[in-house]
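Asker: Quick one: the structure is below, and I'll ask about it shortly.
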Amino acid sequence: MLDAYSEAVVAASERVSPSVAKIDVHHQGRRGGSGSGFVFTPDGFILTNSHVVHGENTIEVVLPDGQRYHADKVGDDPDTDLAVVRITASNLSPAALGDSQSIRVGQLVIAIGNPYGFQATVTSGVVSALGRSLRSQSGRLIDNIIQTDAALNPGNSGGPLVTSNGEVIGVNTAIIPSAQGICFAIAINTAKFVAGRLIMDGKIARGYIGVAGQNAPLHRMLVRGYRLAAETGVFVVSLEQNSPAVRAGLREGDFIVAFDEHPVPDIDSLHRILTDHRPGVRAELTILRGTEKLALRIEPSVRLGN
């Protein structure tokens, strides 16, 4: 007889494994790497990591029954390390998507993927932590990352992290090579949003202002005098010509301390705010120039994520 833990892992893996695909990529006719993905709609849309398919011109998907399909890249978003590809096939088994907001630290999770090409490999563990941040290859931070100790290896990238109910709550994305039992997955709520945008538009549009900045401490007297929310801000190192920042009147040497009344203690906070801000909509940029606090009106333009 199986114990309760084993029964949960077996049931979840049996439910989700038919949805999990091996993704092989080729670049200029040469075999590239491979990764994982999972079917999430009946008409052949597959979620995976951007770093699995980014820049590749031929993508092949192998389903658990051994059938191999050519896949078209619908879109990819390096800023969240997510991508969508599509195959034309019948009788697909889409995975059920869960709610990553409902998961709790300590709960059982199962990872399914193709590490080192070994197809449909199942590992299990627990949710180790929630709300982590992970830097993408584009340099931006991905928020709401799930940390797990379910073992991941190269080739697991893009595969699903699922609950004992067989619902996908994350997209496996990264490991720390020098550590044991520290692995990361992008929350499925993030993936739902990104996948929807990629299917609709093929890309993600983000607010862009044209600033090169660095994190820097603010003078304590200014922090106290202006009752600022943080003791650090973004020091403007340089500005791109004809950018929204230049048109708003921002100058090199200014400190950005807030955007639409949201504190900006560092460059990553500014990136997060601009990701959520709709391009073309005016906002108030709060800055310090010398000892003076100023409010500038700025209109972020479109920045494409891929």
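The values are calculated or read from the model by the stated rules, or taken from the named source; none is laboratory data. Keep in mind that this is a model prediction, so the values were computed, not measured. Here the Cβ positions follow ideal geometry from the backbone for every residue, glycine too, while neighbour counts run over all protein chains shown. Note: areas computed on protein heavy atoms with side chains; ligands, DNA, RNA excluded. Shrake-Rupley method; radii C 1.70, N 1.55, O 1.52, S 1.80 Å.
Asker: Where the Cα atoms of the stretch 1-92 are projected onto their three principal axes, how long is each span, largest first, in whole Å?
Answerer: Extents along the principal axes: 51, 30, 24 Å.
Asker: Would you calculate the separation in nanometres between label points at E231 and E261, each defined as 7 Å from the Cα along the Cα-to-beta-carbon direction?
Answerer: The modelled label-to-label distance comes out at 2.7 nm.
Asker: Let me check the size of the stretch 139-219 from its C-alpha atoms; what are the radius of gyration and Dmax in Å?
Answerer: Rg and Dmax of the stretch 139-219, Cα atoms, are 16.3, 52 Å.
Asker: What residue among L239, A187, M200 has its Cα farthest toward the positive end of the dipole of the stretch 169-306, where the charges are +1 on Lys, Arg and -1 on Asp, Glu, each on the Cβ?
Answerer: Working it through, the farthest residue towards the positive pole turns out to be M200.
Asker: Only helical DSSP H runs with n ≥ 4 go in: add -39500 (n - 2.57) per run for the chain, normalise by residue count and round the 222 nm mean residue ellipticity to 500 deg cm²/dmol.
Answerer: Working: 6 runs with 52 residues, N = 306.
Dividing the helical sum by the residues of the chain leaves -4500 deg cm²/dmol.
Asker: Limiting things to C-alpha atoms, what are the Rg and the maximum Cα-Cα separation (Dmax) for the stretch 7-164, in angstroms?
Answerer: 15.0, 45
Asker: In whole Å and largest first, what semi-axes does the C-alpha gyration tensor of the stretch 106-187 yield when each eigenvalue is scaled by 5 and square-rooted?
Answerer: Working: eigenvalues 64, 46, 26 Å².
Semi-axes, largest first: 18, 15, 11 Å.
Asker: Can you give the longest run of the chain that contains no GluC sites (Glu not before Pro) sitting in a DSSP loop with at most 16 other Cβ atoms inside 10 Å?
Answerer: Numbers: sites that count: E231, E240, E252, E261.
Longest stretch, sites excluded: 1-230.
Asker: Moving on to the next point. Given a 10 angstrom Cα cut-off, can you work out which residue in S102, S93, S157 is the most mobile in a GNM of the chain?
Answerer: Highest fluctuation among the options: S102.
Asker: Putting +1 on Lys and Arg Cβ atoms and -1 on Asp and Glu Cβ atoms, find which of T48, A11, H26 reaches farthest to the positive end of the dipole of the stretch 4-72.
Answerer: Result: H26, furthest along the dipole toward the positive end.
Asker: For the chain, take the longest principal axis of its alpha carbons; what is the angle in degrees between that and the long axis of helix 188-201, to the nearest 10 within 0 to 90?
Answerer: 80 degrees
Asker: In whole Å, how far is the Cα centre of the stretch 174-236 from that of the stretch 101-165?
Answerer: 20 Å
Asker: Hey, can you find the accessible area per residue of the stretch 156-248 for me, probe 1.4 Å, expressed in square angstrom? Numbers along the way, then the final one.
Answerer: Working: 4530 Å² over 93 residues.
I get 49 Å² per residue for the stretch 156-248.
Asker: Highest GNM mean-square fluctuation, the chain, Cα pairs closer than 10 Å: which of R278, R15, R227?
Answerer: Among R278, R15, R227, the largest mean-square fluctuation in the Gaussian network model of the chain belongs to R227.
Asker: Just to check, using Stokes-Einstein with a Kirkwood Rh over alpha carbon pairs, what's the diffusion coefficient of the stretch 66-128 at 4 °C and 1.567 mPa s in µm²/s? Intermediate results must be reported in sequence, preceding the final value.
Answerer: On the way: Rh = 15.0 Å.
Taking Rh from Cα pairs, D becomes 87 µm²/s.
Asker: For Q214 and A11 in one chain, what is 0.36 nm times their gap in residues minus the Cα-Cα distance, to one decimal in nm?
Answerer: On the way: separation 203, 0.36 × 203 = 73.08 nm, distance 4.89 nm.
Between Q214 and A11, full extension yields 68.2 nm more.
Asker: What does the charge dipole of the stretch 1-112 about its Cα centre add up to, to the nearest 20 debye, if the Cβ of each Lys and Arg holds +1 and the Cβ of each Asp and Glu holds -1? Please list the in-between numbers first.
Answerer: Numbers: 8 positive and 14 negative charges, 49 e Å.
Here the size comes out at about 240 debye.
Asker: Can I ask one more? For the stretch 29-68, what is the convex hull volume of its Cα atoms per residue in Å³?
Answerer: On the way: hull volume 3.6 nm³, N = 40.
Per residue, the Cα convex hull of the stretch 29-68 comes to 90 Å³.
Asker: Would you mind putting 144-150, 160-166 in packing order, based on average other-beta-carbon counts within 10 Å, highest first? Provide the component values of the computation, followed by the final result.
Answerer: Values: 144-150: 21.6, 160-166: 24.7.
Descending packing order for the listed peptides: 160-166, 144-150.
Asker: Mean-square fluctuation check for the chain, GNM, Cα pairs under 10 Å: which of V211, V16, V109 is largest?
Answerer: Among V211, V16, V109, the largest mean-square fluctuation in the Gaussian network model of the chain belongs to V211.
Asker: To test your reading of the geometry: what angle, between 0 and 90 degrees and rounded to tens, separates the Cα axis of helix 4-16 from the longest principal axis of the chain?
Answerer: With rounding to tens, the tilt is 80 degrees.
Asker: How far, in degrees from 0 to 90, does helix 267-276 lean away from the longest principal axis of the Cα atoms of the chain, to the nearest 10?
Answerer: 70 degrees
Asker: What's the extension gain from R68 to A295 if we count 0.36 nm per residue and subtract their Cα-Cα distance?
Answerer: On the way: separation 227, 0.36 × 227 = 81.72 nm, distance 5.71 nm.
76.0 nm is the gain from fully extending R68 to A295.
Asker: Next question, about the same structure. Provide the net charge surrounding K203, with neighbours chosen by a C-beta distance below 14 Å and charges set as Lys +1, Arg +1, Asp -1, Glu -1. If you can, show how the numbers build up before the last one.
Answerer: Numbers: positive: K73, R197, R206, R303; negative: D76, D77, D79, D201.
Net local charge, K203 excluded: 0.
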